[in-house]
Amino acid sequence: TLRKPISQSSMADWASKNLNMHTQGIFRRRISISNMLSWNGSSIKKPMLITSNRTIKKEACEMFKLVQSYMGDRQTRMDRNHVALVTVTKCWSMQGLRDELYIQLIRQTTDNICYRSLAWGWELMAISLAFFSPSPKFQSYLEGYIYRHLDSDENIAQRIKELVDLKNKKITKSRKKRKQNTEDEGLPISTYAKYCYRKLQKVAVTGGKKGLRKPTVEEITHARNAIVTPSLFGSSLEEIMLRQQDVFPGNKLPWVQTQLSQQVLALGGEQTEGIFRIPGDIDEVNALKLQVDQWRIPSSLSDPNIPASLLKLWYRELEEPVIPQQFYKECISNYENPDAAVAVVQLLPELNRLVLCYLIHFLQIFAQPSNVGRTKMDVNNLAMVMAPNCLRCQSDDPRVIFENTRKEMSFLRMLIVHLDTSFIKGLV
């Protein structure tokens, strides 16, 4: 459910306090906020946002040129993939540049009369959100901007027409005109906005790309493709199964779930101390995630902690948890009653029930005494590390969260000990 973010007046108030007001002309007159936040074909001499950091001041001006290059408004010898990579890497490495990039993209996608340039600006925003979030201070502003474009396609087309008509009245025939294209060249802007809105909600929580390895061209391409083709991570179970129909039409379970689970076992995960508790190398996990999203499992894997960490991430990033939100209260109310806990599972939608039963069957392998002796992960430890990936508490009250965490763990423990999952054997 999309919640309505801050109002336009609040956004204007934020801009007036945080924008680094530019000047123009020989009298250095200050540019209005509306002009500061409208498409600009020239370069900028100082950052869009107030900062005292000298490095940020210099990099911000260079980054604006990169944004213009990606959008096709400035000539460059680099291809667009490389422009995106340089831009994203700068911001990923330098936290102080992130809000600056997002405000520059807001500027260049406002009152832009070239539809292709406009779409590419939104595309760069979508790519950036795959790698890093804005600061908490700036998130509400960006959220408000994206929200206003969720159903704005007709308004955008009309606005472009008005701006083109206005420009044509002012410009003389002898002067070179910027290419004006109001026709739809690809995706509607609302498609980008809806994707960005969902991505912003997630990246604000996850924090974006982790690890020491810098972004790669492959990750840039993957982030761009995800706008149209939903990733296997962060989507709903229904979306994942729909996407899977073309590749594995007969499967009743998500391929990503079964494959990663089998990889953990194939690499001896049930004999590995601290499995699911000790994280795999984050860069290796990121690399595997890219491959899995292309329906590939590399044969070079050797550490079971890598697929185990990615499997936990897949459960955790599902758009809606394996146990849907409407069943949450029943789960934490029946955390001490085995029969009632098992009864909740039978109430779940069929796909959720199968996915949960597969997970419990998988965990029951690790809960066997012969394996616990090696892994040091008994049923309590397994429930502790996996419960947060299956159930999500919606409360903001730390006391409620703390109390419910204990109940969530106990509920999952009940399922590992008492749920009959024998029917799941051989199911894919």
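A quick yes/no check of all residues on (1) of a type in the set (Phe, Trp, Tyr); (2) without any contact (Cβ under 8 Å) to a residue 40 or more places away in the chain; (3) within 16 Å of GLU320 (Cα to Cα):
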site	(1), (2), (3)
LYS199	no, no, yes
LYS202	no, no, yes
GLY207	no, no, no
GLY211	no, no, no
THR216	no, no, no
ARG224	no, no, no
SER236	no, no, yes
GLN245	no, yes, no
TRP255	yes, no, no
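When you check LYS210 against the structure, is it at pLDDT below 90, closer than 25 Å to CYS390 by Cα and among the charged types (D, E, K, R), yes or no?
yes
For region 389-422, name all the residues that are among the hydrophobic types (A, V, I, L, M, F, W, C), over 16 Å from ALA343 (Cα atoms) and either surrounded by 12 or more Cβ atoms within 10 Å (Cβ to Cβ) or in contact with a helix residue (DSSP H, G or I) (Cβ under 7 Å, 6 or more places away or on another chain) (or both).
CYS390, LEU391, CYS393, VAL400, ILE401, MET409
SER309 versus (1) touching a residue at least 40 places away in the same chain (Cβ under 8 Å); (2) at negative phi; (3) among the small types (Gly, Ala, Ser): which is the lone unmet condition?
SER309 satisfies all of (1) touching a residue at least 40 places away in the same chain (Cβ under 8 Å); (2) at negative phi; (3) among the small types (Gly, Ala, Ser) except (1).
Can you list residue pairs whose Cβ atoms sit under 7 Å apart, with the first residue in region 258-280 being in contact (Cβ under 8 Å) with a residue 40 or more places away in the chain and the second being hydroxyl-bearing (Ser, Thr, Tyr) and open to solvent by 30 Å² or more (accessible area, probe 1.4 Å)? Count only pairs 6 or more apart in sequence or on different chains.
The qualifying pairs are LEU267/SER302.
Anything in region 365-388 that is open to solvent by 40 Å² or more (accessible area, probe 1.4 Å) and assigned to a helix (DSSP H, G or I)? List them, or say none.
Correct list: ILE365, PRO369, SER370, GLY373, ARG374, ASN380, ASN381, MET384, PRO388.
Quick check on region 114-126. Is at least one of its residues out of contact with any Asp or Glu (no Cβ under 6 Å at 6 or more places or on another chain), open to solvent by 60 Å² or more (accessible area, probe 1.4 Å), assigned to a helix (DSSP H, G or I) and at pLDDT 90 or above?
There is at least one residue in region 114-126 that is out of contact with any Asp or Glu (no Cβ under 6 Å at 6 or more places or on another chain), open to solvent by 60 Å² or more (accessible area, probe 1.4 Å), assigned to a helix (DSSP H, G or I) and at pLDDT 90 or above.
Please count how many residues of region 232-287 are aliphatic (A, V, I, L, M), part of a loop (DSSP other than H, G, I, E, B) and open to solvent by 50 Å² or more (accessible area, probe 1.4 Å).
2
Does region 288-303 hold any residues that are in contact (Cβ under 8 Å) with a residue 40 or more places away in the chain and open to solvent by less than 10 Å² (accessible area, probe 1.4 Å), and which are they?
Hits for region 288-303 are VAL292, ASP293.
The values are calculated or read from the model by the stated rules, or taken from the named source; none is laboratory data. Because the structure is predicted, anything quoted here is derived from the model rather than measured. Glycine gets a Cβ as well: all are built from the backbone with ideal geometry, and neighbour counts include every protein chain shown. Quick note on the areas: whole protein, heavy atoms, side chains included, nothing else; ligands and nucleic acids left out. Shrake-Rupley method; radii C 1.70, N 1.55, O 1.52, S 1.80 Å.
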